[in-house]
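Chemist: There's a structure below that I have some questions on.
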Amino acid sequence: MGMPAMGAVCALGCGREEISRALLSGREDFLSPMALLCREAEVLCGIVPGEIPELPAELRRFSCRAHRLAWMALQQILPEVRERAERLGPGRIGVVVGSSTAGIDSTEAAYPVWKETGSVPAGFSWEHQHEMGSAAGFVRDACGVSGPCWSLTTACSSGAKVFASARSLLRMGLCDVVVTGGVDTLCRTTMEGFDSLQSLSHGRCTPFAAGRDGLNLGEGAAFFLLEREDAEVRLLGVGESSDAHHMNAPDPQGRGAEASMRAALADAGLLPADVGYLNLHGTSTPLNDAMEAQAVARVFPDGVPCASTKPLTGHCLGAAGAVEAALCWIGLAASEPLVPRHLSSGVPDSALPALRMVNDARATLSRRAWLSSSFAFGGSNCTLALGRRP
Amino acid sequence: MIPVLSIAAWSAWNSDQGTPELSWIPSLQRRRLSPLDRVACQLARECFERAAMPPDAPAMVLASRLGELCVLARILESIRLREPVSPANFGGSVHHAALGHLSILNKNRMPARAVSAGPSTFAAGFWETFCMAEAHPDAPVLLLVVEDTFPTPFLGDACNFSGGANGLGILLSPEALSGRPALTISVEGNGAPASPEALLAWLRAPDNDLTLVLPSGALRCLATRP
């Protein structure tokens, strides 16, 4: 499957050029402080820099931070979407969007007003802004397409699992093109929620380091065109699994993560030795990194170049799979070597199997196949395999 | 290739029946289940029993328009009052929480996906089910369409559910099962609108196999000769 076009926005910037420059810049200060609500503390978050533009008038009913971020990313691929809609017909273009909270900022503003006055503020539309399906509905209307359209929502694996659904729509001949990806924003619910789990780092997160103390949240959107026609960057495979262990904690041995990576390799017809780079889930919580390091060591006994990009972007939750696929897409499509590098100021945790972290954004790696893993609440796991056309 | 799936079993829960008791689930785990999760667990259990299928066998798809909005409301209330959020509420507020619980209860390690699509959520459940079946051609797929109520003024008129948690579970098998009707999807053809009621009527008295036709957005039923 070809991935001929990609649009993305995250803490690193907006669009392929800005994100590439940020990845190569050597900068380490992409996260900014945000205050928590229920206790007096600030935490570092991957906030999209600059102004988030308002939606055009005809899409204004959808206006909320999530859909505005989605619009920033979508505009980057609209010419390609419109060309295909004209050539193939809008009904042949499907939409599958991953999100865990959609436009929850609208509801966070409207809910207290509703509780206190019995009515919602003017301009609030649950249906167009916060309803989970609105993430896909907005993309469909913004693209002017009319094929099958839905939101896929499995928390932090949402933005990866969408590629499995999109690919099946193409393989079954139900669509000729699918616009797919994910979006999530920083919001009170996830900030206070992860704080209640004591999962937020006190500083910038340090994945796989000794003494790592949790994650930084982030936000972003990334969308791709997926079609049967080949392209420079390809979707090679998707692997999925469930932990069947615990709602809020991963299987400590990483069996679900291992199954997800092995399934992606099998689906793509790859051997571990074919993989040039692995974008880790790497949230920097003690439990995630411990189980993930063990899983990676079992799947890649000879090692694999890998990185967690969470210290650069923050953990974009339901958008993470798509945003990290976008970082891989940028690296795979680049004319010069460009690697979404590992940034961790800490000392590697000696209790974990050692991983071969790529610290140099200009490292020359095989681009035959790159993997990206995303693991979620409820033990929902997904690994993508992307590659560059030989 | 679009898969053709046999209906191995199905089950429905009406909110008139109250909230499922789920006496087979240990009370510690049962306490964490929202009404939506309880309906999903009940439907899954009935489908597995009727089909005599091990509960760790199928991949799972959950379709819900509102998802765990009632759980999310408890978080919103904590935030409104500037009180700490309950970790259990946070974990249980994710749209696919019922799939997580089912996976844990049944030791089911198969892939699972949850979808939502506004008024097309029912249709999206079937689209995703056939996507899942396409990607995992040897696996049965359990589709759960579940919904809970939420005060309408907040949601507006467009999303008027009332009565309590309810749902429909359909366990689909990739093998042709003798005496069981088959289901597939298509982009071409005409038929009656595929409302949940129409589908229930067909499940109760399946004279023919069924093709669910999905032109842009809508879902329609097309009976086809077996």
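The values are calculated or read from the model by the stated rules, or taken from the named source; none is laboratory data. Worth saying up front: this structure is predicted, and the values here are computed from it rather than measured. Positions of Cβ are generated from backbone atoms using ideal geometry, with glycine treated the same way; all protein chains shown enter the neighbour counts. The accessibility values were calculated without ligands, DNA or RNA, using every heavy atom of the protein model including side chains. Shrake-Rupley method; radii C 1.70, N 1.55, O 1.52, S 1.80 Å.
Chemist: Being touching a residue at least 60 places away in the same chain (Cβ under 8 Å) and of a type in the set (S, T, N, Q) is the filter here; which residues of the range A:200-259 pass it?
Modeler: Once the filter is applied, which keeps residues that are touching a residue at least 60 places away in the same chain (Cβ under 8 Å) and of a type in the set (S, T, N, Q), the range A:200-259 yields A:Ser201, A:Thr206, A:Asn216, A:Ser241, A:Ser242, A:Asn248.
Chemist: To continue, here is another question. Of B:Val61, B:Val39, which residue is outside any helix (DSSP H, G or I), open to solvent by less than 30 Å² (accessible area, probe 1.4 Å) and modelled with pLDDT of 95 or more?
Modeler: Answer to the check: B:Val61.
Chemist: Can you name every residue in the range B:81-92 that is in contact with a Leu (Cβ under 7 Å, 6 or more places away or on another chain) and closer than 16 Å to A:His246 by Cβ?
Modeler: B:Pro87, B:Phe90
Chemist: Contact list please: Cβ distance under 7 Å, first residue in the range A:48-62 and more than 23 Å from A:Leu312 (Cβ to Cβ), second residue open to solvent by 100 Å² or more (accessible area, probe 1.4 Å) and part of a loop (DSSP other than H, G, I, E, B), pairs at least six apart or on different chains.
Modeler: Correct list of pairs: empty, since none qualify.
Chemist: Follow-up. How do the helices (runs of 4 or more DSSP H) wholly within the range A:262-354 filter down when requiring 3 or more residues that are small (Gly, Ala, Ser) and surrounded by 24 or more Cβ atoms within 10 Å (Cβ to Cβ): which remain?
Modeler: Hits in the range A:262-354: A:320-333.
Chemist: Could you tell me which residue of the range A:109-131 is surrounded by the most Cβ atoms within 10 Å (Cβ to Cβ), considering only residues that are in a loop (DSSP other than H, G, I, E, B) and not small (Gly, Ala, Ser)?
Modeler: Result: A:Glu131.
Chemist: Could you list, in sequence order, the residues of the range B:171-188 that are closer than 11 Å to B:Val213 by Cα and either part of a helix (DSSP H, G or I) or open to solvent by 40 Å² or more (accessible area, probe 1.4 Å) (or both)?
Modeler: Listed by number, the residues that qualify are B:Val187, B:Glu188.
Chemist: Here's a follow-up. Can you name every residue in the range B:93-114 that is in contact with a Leu (Cβ under 7 Å, 6 or more places away or on another chain) and closer than 22 Å to A:Leu200 by Cα?
Modeler: Within the range B:93-114, just B:Ser93 meets the criteria.
Chemist: Given the criterion within 14 Å of another protein chain (Cβ to nearest Cβ) and open to solvent by 10 Å² or more (accessible area, probe 1.4 Å), identify the matching residue among A:Ala102, A:Ala35, A:Ala57.
Modeler: A:Ala35
Chemist: Please state which one of B:Ala73, B:Ala63, B:Ala88, B:Ala44 is aliphatic (A, V, I, L, M) and more than 11 Å from chain A (Cβ to nearest Cβ).
Modeler: B:Ala44
Chemist: Tell me yes or no: at least one residue of the range A:143-163 is surrounded by fewer than 24 Cβ atoms within 10 Å (Cβ to Cβ) and within 20 Å of A:Ala385 (Cβ to Cβ).
Modeler: no
Chemist: While we're here: Quick one: which strands (runs of 3 or more DSSP E) lie wholly within the range A:1-105 and hold at least 3 residues that are touching a Ser or Thr at 6+ places or on another chain (Cβ under 8 Å)?
Modeler: Qualifying strands (runs of 3 or more DSSP E): A:42-46, A:93-98.
Chemist: Could you list, in sequence order, the residues of the range B:91-129 that are assigned to a helix (DSSP H, G or I), more than 19 Å from A:Cys156 (Cα to Cα) and either open to solvent by 20 Å² or more (accessible area, probe 1.4 Å) or at the interface with chain A (Cβ under 7 Å from one of its Cβ atoms) (or both)?
Modeler: B:Leu105, B:Asn106, B:Gly118, B:Pro119, B:Ser120, B:Thr121, B:Phe122, B:Ala124, B:Trp127
Chemist: Sticking with this one: Can you find, within the range A:181-233, the residue that is farthest from B:Arg82 (Cα to Cα) among those that are over 18 Å from the mean Cα position of the chain (by Cα) and hydrophobic (A, V, I, L, M, F, W, C)?
Modeler: A:Ala231
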